[in-house]
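Chemist: Got a structure here, written out as structure tokens. Questions coming.
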Amino acid sequence: MKRNALLLLALLALISAKADDITVNGTRRNYQVYAPKNLGSKRPLLISCHGMNQDAAYQRNMLQIESVADTAKFVTVFPNGIDKSWDLGGDKDLNFMKAIIEEMVKKYDIDRNKIYLSGFSMGGMFTYFAMNRMADVFAAFAPISGYPMWGASFTSSRPVPIIHTHGTADDVVNFGGVASVLAGWVKRNGCPTTAKVTKPYRASHITRHVWGPGTNGVEVVLMEMANKGHWISNDNGVKTGEEIWNFCNRFSLKDTTPKVSFTSPKSNLSFVSVGGICQTPDITLEAEASDPDGKVVSVSYYDGEQLLGEATEPPYTFVLPSLGKGEHVIKVVAMDNEGYTAQAETSISVNEVLRGTFAFSEFSESGSVPDGWETFDGQDSRVGYAGGFSQGARVFQFTGKEHDFDYGLYTRNVTGGAKEGYARYASKKTNASMLLYPGNYQLYARVTNWNQPSFSPVTVALETIDGETVFTDTFTPDVNIGNTAENAFSGSTPMAYSVDVEQQGLYMVSFYTADAPWADLVVGRATLRRKGDVSLVSSLTSHQPVRVQYYNLAGQPVQRADRGFFIEKTIMQDGTTLSRVVRK
């Protein structure tokens, strides 16, 4: 009985994946087709080419795309190369692709505007070859673990969307060669040279790099699979075939598919909860969607694969309830009246720090304003992530023989107006949120001047998200970098402040320049550490006190002569503030 069942399953597989022959330039060629039931008309086509010394059946088994095709309703063809190889210099296999397409149009009424090419290993090399020769036929390309190892060219007749998937441990087609090939296509496609990076993306081993949008809205995407070898990766709930389809389906030779994009949030969100239960506030998601040849009938929101909700009329909004810790990939999917879909993604990273240090100044890219940061110089407002800056507020990379930090965020005050030069983390304008629970915190900062030989004061502040000051202190840096990132500098004094947070809420950290024209500052390092309960005295007691101030329990300044309970704050020589509750 069991044997008969296995035979039946094998027979069904042969029925669903048909083997067909076709004559091309006098040579008999063959391929396998997978076509879902109830396909409908004018549906997309994906052609997936095998690697060297492999065949169509092996490629189909590795890609595992049937369930994706069943849901999205598209046809997949797995062609066989001659002698299990592909022609990477002539027209033999290009003509084979054209013949397959004609057959699929005849048999399945394929939409010629939505035909895509993919391939593994040598099939990936052939995919790159076809980019330069058949950009007017294929709407998007998806090479896997393969690129022109002999040297790439970038001569397509139009900008082409590309999603390249590759394992970092590939010992057949080395991962190290991917960057230069993609850089050439980034330039050809008119894409930004700095990628938007999501790490991790859907699984801990995946990093997703996106260059775009470029000319005509195209993108170049790299799916970097950590520690994966020369194979198609389908693990941890992430299928390569599904990622390929989700990317390719967004593109068409003619503008016939729906379009969708997030209007809120406009970029990936980072949320950290310090000192308490990890719980985000409600987040309002909003998208705009359109369809050039019909109408949008639904816009759906997903957390990973879990449907969150749906909207059928603009504005397409959904209130996302509190999220738990972890990386959440939030998708919005628009469907038109023909059944075509388009999707966009954003990620919400939720971190929890119960007792320890939270670093918000891990700068790593010169010429950018990083995620989570906002800068203002009295004239120009910049909100991260933003890159490609060569003037004004931006991150510098320091390369002098001696330097206190490798990267620093620079800002200035062009006008000299009050608080008109600042760098701020986790404001309302940024994509970062910082929820602090009541407790005693240590705010650590290492800040220098950029071009102030006589030195210029800097004010550091912990503020509520609405701008109310919880703590502030002004100090004068003892290091001036000297207006050149190649200069050596060392000995900048770290500033450590003991700060009491008495109410749970969203907070931001600000660094203000002096209120003087062209005053400046460079933030090198900045962290916030939860030390314990409110008013625990900091362990930094070796410094000499400068002054003592008293506040009532509401935080209002009072005289020491008053009776009752007080908050005593001692300001040390290095700027450290020690707090404790006293009774008189």
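Chemist: List the pairs whose first member sits in region 202-213 and is without any contact (Cβ under 8 Å) to a residue 24 or more places away in the chain and within 17 Å of Gly229 (Cβ to Cβ), whose second member is open to solvent by 20 Å² or more (accessible area, probe 1.4 Å) and part of a loop (DSSP other than H, G, I, E, B), and whose Cβ atoms are under 8 Å apart, counting only residues at least 6 apart or on separate chains?
Modeler: Matching pairs, first to second residue: Thr207/Lys199; Thr207/Pro200; Thr207/Ala226.
Chemist: Being assigned to a strand (DSSP E or B), under 30 Å from Gln503 (Cβ atoms) and at pLDDT 95 or above narrows it down to one residue among Thr411, Thr448; which is it?
Modeler: Numbers: Thr448 fails: under 30 Å from Gln503 (Cβ atoms).
Unique residue meeting the criteria: Thr411.
Chemist: Conditions first: (1) among the charged types (D, E, K, R); (2) without any contact (Cβ under 8 Å) to a residue 40 or more places away in the chain; (3) open to solvent by less than 30 Å² (accessible area, probe 1.4 Å). Glu345 passes all but one, so which condition is the exception?
Modeler: The one condition Glu345 does not meet is (3).
Chemist: Considering region 142-159 alone, what residues qualify as being of a type in the set (A, V, I, L, M) and surrounded by fewer than 19 Cβ atoms within 10 Å (Cβ to Cβ)?
Modeler: Met149
Chemist: Please go through region 166-206 and give me each residue that is among the β-branched types (Val, Ile, Thr), within 19 Å of Val329 (Cα to Cα) and either assigned to a helix (DSSP H, G or I) or in contact with a Ser or Thr (Cβ under 7 Å, 6 or more places away or on another chain) (or both), ordered by number.
Modeler: Across region 166-206, the qualifying residues are Val197, Thr198.
Chemist: Can you give me the number of residues within region 478-502 that are closer than 27 Å to Thr357 by Cα and of a type in the set (S, T, N, Q)?
Modeler: Residues in region 478-502 being closer than 27 Å to Thr357 by Cα and of a type in the set (S, T, N, Q): 4 in total.
Chemist: Report every pair of residues separated by at least 6 positions or lying on different chains whose Cβ atoms are under 7 Å apart, first residue within region 434-445 and under 19 Å from Phe271 (Cβ atoms) and surrounded by 21 or more Cβ atoms within 10 Å (Cβ to Cβ), second small (Gly, Ala, Ser) and at pLDDT below 90.
Modeler: What qualifies is Leu435/Ser273; Leu436/Gly275; Gly439/Gly275; Gly439/Gly532.
Chemist: If a residue must be surrounded by 15 or more Cβ atoms within 10 Å (Cβ to Cβ) and more than 15 Å from Gly372 (Cα to Cα), how many such residues does region 386-399 contain?
Modeler: Qualifying residue count for the region: 5.
Chemist: Residues Gly421, Gly408, Gly400, Gly482: which one is touching a residue at least 24 places away in the same chain (Cβ under 8 Å) and on the phi > 0 side of the Ramachandran plot? Spell out the reasoning first.
Modeler: Working: Gly421 fails: on the phi > 0 side of the Ramachandran plot; Gly408 fails: on the phi > 0 side of the Ramachandran plot; Gly400 fails: on the phi > 0 side of the Ramachandran plot.
Unique residue meeting the criteria: Gly482.
Chemist: Quick one: which residue in Val523, Val534 is buried (at least 24 other Cβ atoms within 10 Å of the Cβ), aliphatic (A, V, I, L, M) and touching a strand residue (DSSP E or B) at 6+ places or on another chain (Cβ under 6 Å)?
Modeler: One residue alone meets the criteria, Val523.
Chemist: Okay, moving on. Suppose the filter is open to solvent by less than 30 Å² (accessible area, probe 1.4 Å), in contact (Cβ under 8 Å) with a residue 24 or more places away in the chain and either out of contact with any helix residue (DSSP H, G or I) (no Cβ under 6 Å at 6 or more places or on another chain) or basic (Lys, Arg) (or both); does Tyr302 pass it?
Modeler: On the way: open to solvent by less than 30 Å² (accessible area, probe 1.4 Å): no; in contact (Cβ under 8 Å) with a residue 24 or more places away in the chain: yes; either out of contact with any helix residue (DSSP H, G or I) (no Cβ under 6 Å at 6 or more places or on another chain) or basic (Lys, Arg) (or both): yes.
No; evaluated as a whole, the condition is false for this residue.
Chemist: For region 464-540, which fully contained strands (runs of 3 or more DSSP E) count at least 3 residues that are farther than 22 Å from Pro370 by Cβ?
Modeler: Values: elements: 469-475, 495-501, 505-512, 519-532.
The qualifying strands (runs of 3 or more DSSP E) are 469-475, 495-501, 519-532.
Chemist: If a residue must be open to solvent by 10 Å² or more (accessible area, probe 1.4 Å) and closer than 30 Å to Arg530 by Cα, how many such residues does region 367-385 contain?
Modeler: 6
Chemist: Report yes if Thr430 is under 30 Å from the mean Cα position of the chain (by Cα), modelled with pLDDT of 90 or more and closer than 16 Å to Ser361 by Cβ, otherwise no.
Modeler: On the way: under 30 Å from the mean Cα position of the chain (by Cα): yes; modelled with pLDDT of 90 or more: yes; closer than 16 Å to Ser361 by Cβ: yes.
Considered against the rule, which asks whether it is under 30 Å from the mean Cα position of the chain (by Cα), modelled with pLDDT of 90 or more and closer than 16 Å to Ser361 by Cβ, Thr430 comes out as yes.
Chemist: Considering only region 220-235, state which residues are under 19 Å from the mean Cα position of the chain (by Cα) and open to solvent by 30 Å² or more (accessible area, probe 1.4 Å).
Modeler: Selection gives Glu224, Ala226.
Chemist: Out of Thr317, Thr280, Thr263, Thr256, I need the residue that is part of a strand (DSSP E or B), surrounded by fewer than 21 Cβ atoms within 10 Å (Cβ to Cβ) and in contact with a Pro (Cβ under 9 Å, 6 or more places away or on another chain). Which one?
Modeler: Values: Thr317 fails: in contact with a Pro (Cβ under 9 Å, 6 or more places away or on another chain); Thr280 fails: part of a strand (DSSP E or B); Thr256 fails: part of a strand (DSSP E or B).
Within the list Thr317, Thr280, Thr263, Thr256, the selection yields Thr263.
Chemist: Between a residue in region 462-475 that is modelled with pLDDT under 95 and any residue that is in a loop (DSSP other than H, G, I, E, B) and surrounded by 15 or more Cβ atoms within 10 Å (Cβ to Cβ), which pairs come within a Cβ distance under 6 Å, given they are 6 or more apart or on different chains?
Modeler: As it stands, the answer is Asp473/Gly575; Thr474/Pro457; Phe475/Gly575, since those pairs meet every condition given.
Chemist: Same structure again: Which ones in region 464-513 are over 30 Å from Val534 (Cα atoms) and either open to solvent by 20 Å² or more (accessible area, probe 1.4 Å) or among the acidic types (Asp, Glu) (or both)? First the steps, then the outcome.
Modeler: Of the residues in region 464-513, the ones over 30 Å from Val534 (Cα atoms) are 478-491.
Across region 464-513, the qualifying residues are Asp478, Asn480, Gly482, Asn483, Thr484, Glu486, Asn487, Ala488, Ser490, Gly491.
Chemist: On the given criteria, is Leu307 part of a strand (DSSP E or B) and either more than 28 Å from Ala72 (Cα to Cα) or open to solvent by 10 Å² or more (accessible area, probe 1.4 Å) (or both)?
Modeler: yes
The values are calculated or read from the model by the stated rules, or taken from the named source; none is laboratory data. Owing to the predicted nature of the structure, the values given are computational and were not obtained by experimental measurement. Cβ atoms come from the backbone with ideal geometry, glycine included; neighbour counts cover every protein chain shown. Only protein heavy atoms, including side chains, enter the accessible area calculation; ligands, DNA and RNA are left aside. Shrake-Rupley method; radii C 1.70, N 1.55, O 1.52, S 1.80 Å.
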